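**Student:** The structure's right below; bear with me while I get my questions together.
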Amino acid sequence: PDQLTGQLAATLGPIHAHFTGAARVTYRADHTGTVDGEGQDLASRTHLRASAAFALTAASFDTSELTLIVTYALRGPLAQLGRGPIIRAFAAELAESAARTLETRLRGAAPQAAPRLRLLPLLLRALRRWLRDRWRRSPRR
C-alpha cells in the first residue's frame, strides 16, 4: 500500500475548514483498489474519515471509465452546521471537483484552482437534488 499525505480546503457558510491528513492506497491487479484516510481541521475541530473504492474499466478501445464510490464520516462543527441533504450536497460537490481535477491531470493539463463552494448555491443544489429524489420515489399515476 502507498501512504499519502495531503490537504483539503473547504468552506460551508461561515465555517472555513483546512483539513490535513493521511491516506493509504491499495491497488489490485484487476485495476481496482481502495483509499482509506482521515484528517482534521484544527481550527474548527472537525474530523473527517473517508473510504473510497475505485475500479478502472475499458469503456472503448481508447477510453477508460473510473468508478469511484466514497463513504465518509464527518464529526465536529462543520457536520453540525448542515445535516442531511446539505452535507450530502457538499460531499457531492467535493467529489465532483476532485473528479474534474483528476480528469484534467490524466489528460496532461494543469488543473485550475478549485472554485470556492458558496452556501446559497450549495443549498439550492441540495434542494434540487432532494426534490428530484422525491419525484423519482413518488408513485406515478
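Coordinate-derived values only; no laboratory data. These figures come from a predicted structure and were not determined experimentally. Positions of Cβ are generated from backbone atoms using ideal geometry, with glycine treated the same way; all protein chains shown enter the neighbour counts.
**Student:** Given the stretch 21-113, what whole percent of its Cα pairs are spread farther than 24 Å?
**Tutor:** More than 24 Å apart: 31 percent of the Cα pairs in the stretch 21-113.
**Student:** Taking the simple approach of a point 7 Å from Cα along Cα-to-Cβ for both Arg132 and Leu56, what is their distance in nm?
**Tutor:** A separation of 2.8 nm, rounded to one decimal place.
**Student:** Just flag the trypsin sites (Lys or Arg not before Pro) in the stretch 11-74 sitting in loop per DSSP whose Cβ has no more than 16 other Cβ atoms within 10 Å.
**Tutor:** Of the trypsin sites (Lys or Arg not before Pro), the ones in loops of the stretch 11-74 whose Cβ has at most 16 other Cβ atoms within 10 Å are Arg28, Arg45.
**Student:** Amide H of Thr46 versus every other amide H placed in the peptide plane: which residues, excluding those fewer than 5 positions away on the same chain, fall under 5 Å?
**Tutor:** Amide H to amide H, under 5 Å and 5 or more residues apart or across chains, Thr46 pairs with Asp41.
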